[in-house]
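Presented below is the structure to which this report refers.
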Amino acid sequence: LTPQEIKRARAARKNATRKLKTLEARANQKKKRAELYSNLRESAITEQERSLLSSSSTLGKRETKRETLRRLLQRERAGVTLTAEEEDILYKRKKEKQIDDDDIVLVSSDDEEDDKTKRKKKQKMIQ
């Protein structure tokens, strides 16, 4: 073999090894991408969960009562358990307040009395 043939053989080996390395690197990249995509599919959130997220543009802004109620109702429908405070905000419950031993009057949670309870009190005071 002549020295030129030996050089050509070495160059061919170098080219072949370079091509093999690039092919292996591409195969590894494809495997990693496939794993990444499968992990992303598994950990993806549903549209309902995505709707519970709030935009970063709302940070620092005061939430109106309507927005608060809408958000709490949306969370409840999604199956998220609400705290006692959130339930009190969402559902205004009427509390029982005893005036006398026999009479029980319903008063709203905001301690605002409706017309019926006011009438009952006036009637009791008259009697």
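The values are calculated or read from the model by the stated rules, or taken from the named source; none is laboratory data. Worth saying up front: this structure is predicted, and the values here are computed from it rather than measured. Cβ sites come from the backbone with ideal geometry, for glycine too, and all protein chains shown count toward neighbours. The protein model used for the area step is the full one, side chains on, heavy atoms only, and it has no ligands, DNA or RNA in it. Shrake-Rupley method; radii C 1.70, N 1.55, O 1.52, S 1.80 Å.
Annotation for segment 1-96: GluC sites (Glu not before Pro) lying in DSSP loop with at most 15 further Cβ atoms inside 10 Å of their Cβ are Glu63. When Thr83, Thr68 are compared by accessible area of protein heavy atoms, the largest-first order is Thr83, Thr68, using a 1.4 Å probe.
Once you put a point 7 Å from the Cα of Asn39 and another 7 Å from the Cα of Arg70, both along the Cβ direction, what distance in nm separates them? Distance between label points: 3.7 nm. Element breakdown for segment 3-84 at a 1.4 angstrom probe: carbon and sulfur atoms account for 53% of the accessible area.
Applying the criteria of a DSSP loop state and at most 12 other Cβ atoms within 10 Å to the trypsin sites (Lys or Arg not before Pro) of segment 1-72 yields Lys61, Arg62.
Only protein heavy atoms count here; under a 1.4 Å probe, Ile6 has an accessible surface of about 70 Å².
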